[in-house]
Amino acid sequence: MFFVAGTKNTSGQGNGNERRSIYQKFREVDLLDKKKTVTALKPGEDRAILLGLGMILSAVMMYFVLGITILRSYAESMWTEEGVCVVLNSTVTADMNCSYNCGSDCWRVSKYPCLQVYVSVNNTGRVSRLSQNEETHAASTECFYVPRCQKDSSAMHTMITVIAERLKVSQQVSCFYDPSEQQETVLLTRLYDHSVVFHSLMWPSCMLIGGTLIIVMVKLTQYLSRVCEEVGKIKR
């Protein structure tokens with residue numbers, strides 16, 4: 001009797017030890033898998049954070065470059081109001097001198113016809129001289145268009161003649177003028193208008209938002225992983 005009971009107790013303890021050892025093995029395998037997962041995720045998370053920081057830094061640099069180029073020119077421009085200009089007169093007055101590059105340390109003089117265009121702004125009776133854009137106005141306050149200087153002056157003359165004929169056909173054109181009337185000249189187009197500024201700022205803004213979202217998602221994933229781990233410890 002005692003022998004049989006002792007044998008039963010011994011077999012019961014053996015079964016219990018076997019169950020514990022099997023549970024410990026599963027437990028060790030589970031912990032090992034979790035460690036492998038954490039080890040695999042950490043380099044990926046670090047790379048994602050570096051990617052997000054790189055995108056944010058690139059966006060800041062692009063904002064800086066745009067701020068000293070396009071945005072500065074846009075903010076300093078006096079021709080802010082858009083109106084309708086009626087072409088009153090467009091004539092070629094005289095030939096203007098220009099210089100073109102003919103080689104290393106070589107510059108030669110050529111000539112292009114100066115086209116002067118006078119318009120009436122918004123039918124107010126205010127007569128102003130029309131320029132193509134800010135660059136043309138800075139290069140010459142007398143001429144509507146300043147072509148790229150080249151050796152063949154007849155080609156430049158033909159180009160100016162075509163522009164004059166088109167202006168005569170279209171009697172009304174949209175133009176930009178200075179509402180404070182500090183600038184008597186009006187512009188046909190602006191180098192940097194609202195659409196140019198919008199498209200210039202769109203790409204760095206997308207990079208900034210994308211980089212920020214990447215970092216936020218990684219931090220959120222890490223937070224949720226810690227919460228799940230804490231919940232798992234409580235259940236055990």
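The values are calculated or read from the model by the stated rules, or taken from the named source; none is laboratory data. The model shown is predicted, which means the values in this text are computed figures rather than measured ones. Glycine also receives a Cβ, built like all others from the backbone with ideal geometry; neighbour counts cover every protein chain displayed. The accessibility values were calculated without ligands, DNA or RNA, using every heavy atom of the protein model including side chains. Shrake-Rupley method; radii C 1.70, N 1.55, O 1.52, S 1.80 Å.
Things worth noting here:
- Test for residue 138: is it of a type outside the set (Phe, Trp, Tyr), open to solvent by less than 40 Å² (accessible area, probe 1.4 Å) and in a helix (DSSP H, G or I): no
Each row is one residue, and each column tells you yes or no for (1) modelled with pLDDT under 85; (2) open to solvent by 90 Å² or more (accessible area, probe 1.4 Å).
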residue	(1), (2)
194	yes, yes
198	no, yes
205	no, no
209	no, yes
218	no, no
221	no, no
230	yes, yes
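- Residue match in region 152-166 (condition: open to solvent by less than 50 Å² (accessible area, probe 1.4 Å), free of Cβ contacts under 8 Å to residues at least 40 places away in the same chain and either part of a helix (DSSP H, G or I) or not aromatic (Phe, Trp, Tyr) (or both)): yes
- Being touching a helix residue (DSSP H, G or I) at 6+ places or on another chain (Cβ under 6 Å), crowded, with 16+ Cβ neighbours inside 10 Å and in a strand (DSSP E or B) holds for only one residue in 119, 87, and it is 87.
- Contacts under 6 angstrom Cβ, first residue in region 125-147 being free of Cβ contacts under 8 Å to residues at least 12 places away in the same chain and more than 16 Å from residue 178 (Cβ to Cβ), partner outside any strand (DSSP E or B) and among the β-branched types (Val, Ile, Thr), 6 or more apart: 139/146
- The C-beta contact set for region 76-97 (first residue free of Cβ contacts under 8 Å to residues at least 24 places away in the same chain, second residue of a type in the set (Asp, Glu) and open to solvent by 60 Å² or more (accessible area, probe 1.4 Å), distance under 9 angstrom, 6+ apart or interchain) comprises 94/142.
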